[in-house]
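Chemist: Here it is: the structure, laid out below.
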Amino acid sequence: MRAEPPDDAALLRAYRETLRPLYAYVSRHVGGDRTLAEDLVQDVWMRAIRAWMRDGLPREPLAWLLTSAHHAVVSHYRRTRPVIVDPDAIDLEAPAFTPDAPDAAAIVNWALTRVRRAHAQLIEAFHFDGKSIKQIADELGTSERAIEGRLRRARLKLKRVIDRARQKTSAASNAARRSTEHVG
Amino acid sequence: MLDKHSPDPAFVDRLEARVLAEARRQRQAPVPSSWWMASRLRIVSAAAILAIVSMGVGAAGVAAAYQVKTNEQRDLITADLQRRLSLARQRLQIANETLQSAQQQVAIGVVSQDAVMDAQTKVAQSQAEVESLTSQLAEARATGQVAVDDLTAPAVQGHDYVGDRLRIALQVARASLQTTQAALAAAERRRALGITDQVPVQMAQARVAEQQAAIALIESKLAIRQRLLNGAIDQQQAALQGLEADAVQRRMALAPKLQIAQEQLQRAETLMSQRLMSSVDLAQARLNLEQVQADLAKADLDLALVRAQLQSGKGGGS
């Protein structure tokens with residue numbers, strides 16, 4: 001039997017209780033790009049309305065919204081292919097690196113869609129969600145040393161994806177330039 | 001100063017209004033399943049259901065919004081609005097100070113004109129928030145209820161509060177259009193310099209189109225509202241014409257996204273043939289295109305259902 005769709009009061013309550021943590025989650029994952037964060041949060045809520053009107057209000061609206069937001073961020077960065085300009089902006093271990101800038105967040109998020117889920121989750125937890133090694137180790141029920149090792153390997157995988165992308169971007173630009181020169 | 005990862009209060013209010021509007025739209029125009037749309041008879045039946053549902057929701061909405069008034073309820077609602085209005089005025093003051101600072105910095109060459117434009121947009125949004133809350137407070141004092149933003153709501157003691165707030169939203173939308181157009185110009189400059197490729201320009205173009213569609217929607221709703229209050233149409237007709245305007249706006253906003261998705265697929269196919277892109281990326285580009293096409297088909301369906309109902313004579317002309 002289909003659940004009752006929520007009325008305006010229930011929707012407003014869910015909206016007011018979840019909007020700030022939802023926005024903060026999305027904003028952290030897009031390097032604070034306000035325009036992009038607002039677009040994605042709006043998309044998530046429109047999707048939520050369509051689903052909740054059909055299936056009823058979920059027991060944990062925030063959990064539903066955060067899962068949907070994660071998919072929205074991943075989908076967005078799968079579609080866009082950022083141009084890699086500054087190598088220092090994408091070295092996860094360099095002092096200059098911070099995902100707290102739209103360009104760096106764009107590159108890292110795009111690359112995260114191309115590594116294994118376990119690696120992506122570790123990098124998200126440490127660099128985007130601000131969790132410490134200890135917190136991650138406690139959540140996964142393993143030692144801090146094991147997490148440090150896994151994080152190191154995850155960063156290496158990410159760097160390889162970004163390096164390959166930089167080479168392909170360079171090759172694609174050269175190919176495009178050669179084809180326009182030929183036409184010209 | 002707004003924390004980087006905190007939402008802009010004006011965005012919070014705008015999205016809240018959109019969430020409620022979308023929820024009402026979903027209640028009035030439920031999506032039929034594919035088997036339901038198999039026959040012409042079922043299409044006509046779906047339109048009839050839409051009319052019945054919209055009549056029921058409209059009547060119940062009016063009755064619920066203006067039910068028993070109590071002084072205590074009025075006081076609670078107005079106290080909350082006054083608190084929010086006070087905060088909004090503080091934000092407006094901060095926005096004005098930020099604008100003045102940006103103008104001074106541009107004059108001495110410390111920041112670019114973009115900073116002034118952003119600050120001007122922020123002032124416009126903050127001003128609109130103050131005006132909207134003032135309107136809500138006035139309506140709450142008159143009715144003892146939370147302000148209603150339903151297109152079919154009647155005037156309150158001869159005053160059209162819903163129309164007032166639509167006009168405020170229109171001002172904000174026009175200010176936002178200027179900002180998105182400036183962002184498009186900036187993206188085009190960066191592309192011309194070779195700093196980025198075509199994708200950011202296309203996305204900026206899509207945002208401009210979306211903003212233009214939003215402006216057209218508010219203008220349509222204001223016209224519908226005027227016809228309702230003049231008695232040219234009734235509440236059911238106004239509800240249907242509002243749904244029609246929503247569907248038209250969605251089509252306008254989706255059209256450039258469809259073009260972007262088609263070009264991205266072509267680009268992906270070219271890169272794939274040169275072995276510069278993986279099959280996963282190509283599949284993702286195809287899926288993106290199909291999703292936009294599905295959204296556009298949904299908007300076309302909603303528009304066809306509503307127009308069928310309007311043309312059947314029960315909805316009048318649009």
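Every number in this text was worked out from the coordinates using simple rules, so none of it is lab data. A quick note: this is a predicted structure, and the numbers were derived from the prediction, not measured. Neighbour counts are summed over all protein chains in view; Cβ atoms, including those assigned to glycine, are modelled from backbone coordinates with ideal geometry.
Chemist: Could you say which residue among B:134, B:143, B:152 is among the hydroxyl-bearing types (Ser, Thr, Tyr) and in contact with a Gly (Cβ under 9 Å, 6 or more places away or on another chain)?
Modeler: B:152
Chemist: Restricting attention to segment B:240-288, and to residues there that are acidic (Asp, Glu) and more than 9 Å from chain A (Cβ to nearest Cβ), which single residue is farthest from the chain's Cα centre (by Cα)?
Modeler: Applying the filter and picking the extreme gives B:269.
Chemist: I would also like to ask the following. Consider residue A:54 against the criteria (1) more than 9 Å from chain B (Cβ to nearest Cβ); (2) more than 26 Å from the chain's Cα centre (by Cα); (3) assigned to a helix (DSSP H, G or I): it satisfies all of them except one. Which criterion is unmet?
Modeler: Answer for residue A:54: the failing condition is (1).
Chemist: Of everything in segment A:1-42 that's outside any helix (DSSP H, G or I) and of a type in the set (A, V, I, L, M, F, W, C), which residue is nearest to residue B:3 (Cα to Cα)?
Modeler: Per the criteria, the residue is A:30.
Chemist: For residue B:308, work out the one condition from (1) farther than 30 Å from residue B:181 by Cβ; (2) within 14 Å of chain A (Cβ to nearest Cβ); (3) in contact (Cβ under 8 Å) with a residue 40 or more places away in the chain it doesn't fulfil.
Modeler: Checking residue B:308 against (1) farther than 30 Å from residue B:181 by Cβ; (2) within 14 Å of chain A (Cβ to nearest Cβ); (3) in contact (Cβ under 8 Å) with a residue 40 or more places away in the chain, the one that fails is (2).
Chemist: Residues being in contact with a Leu (Cβ under 9 Å, 6 or more places away or on another chain) and either at the interface with chain A (Cβ under 10 Å from one of its Cβ atoms) or under 20 Å from residue B:267 (Cα atoms) (or both): count how many of those fall in segment B:170-199.
Modeler: 0
Chemist: For residue B:121, state whether it is under 30 Å from residue B:73 (Cα atoms), buried (at least 20 other Cβ atoms within 10 Å of the Cβ), among the polar types (S, T, N, Q) and under 21 Å from the mean Cα position of the chain (by Cα).
Modeler: Spelling it out, it is not the case that residue B:121 is under 30 Å from residue B:73 (Cα atoms), buried (at least 20 other Cβ atoms within 10 Å of the Cβ), among the polar types (S, T, N, Q) and under 21 Å from the mean Cα position of the chain (by Cα).
Chemist: Can you confirm whether segment B:269-287 contains a residue that is in contact with a helix residue (DSSP H, G or I) (Cβ under 8 Å, 6 or more places away or on another chain), in contact (Cβ under 8 Å) with a residue 60 or more places away in the chain and either part of a helix (DSSP H, G or I) or within 22 Å of residue A:46 (Cβ to Cβ) (or both)?
Modeler: Within segment B:269-287 (the criterion being in contact with a helix residue (DSSP H, G or I) (Cβ under 8 Å, 6 or more places away or on another chain), in contact (Cβ under 8 Å) with a residue 60 or more places away in the chain and either part of a helix (DSSP H, G or I) or within 22 Å of residue A:46 (Cβ to Cβ) (or both)), the answer is no, since none of the residues qualifies.
Chemist: Can you pull out the residues in segment B:175-192 that are of a type in the set (D, E, K, R) and either closer than 15 Å to residue B:10 by Cα or in contact with a Ser or Thr (Cβ under 8 Å, 6 or more places away or on another chain) (or both)?
Modeler: B:190
Chemist: Could you list all residues from segment B:136-158 that are surrounded by fewer than 17 Cβ atoms within 10 Å (Cβ to Cβ) and closer than 23 Å to residue B:242 by Cα?
Modeler: Residues satisfying the conditions are B:154, B:155, B:158.
Chemist: What's the total number of residues in segment A:116-130 that are in contact (Cβ under 8 Å) with a residue 40 or more places away in the chain and either touching a Gly at 6+ places or on another chain (Cβ under 6 Å) or part of a helix (DSSP H, G or I) (or both)?
Modeler: 2
Chemist: Count, please, the residues in segment B:102-118 that happen to be assigned to a helix (DSSP H, G or I) and loosely packed, with under 14 Cβ neighbours inside 10 Å.
Modeler: The total comes to 3.
Chemist: Test residue B:233 against the stated conditions and say whether it is aliphatic (A, V, I, L, M) and part of a loop (DSSP other than H, G, I, E, B).
Modeler: When the stated conditions are applied, residue B:233 passes them.
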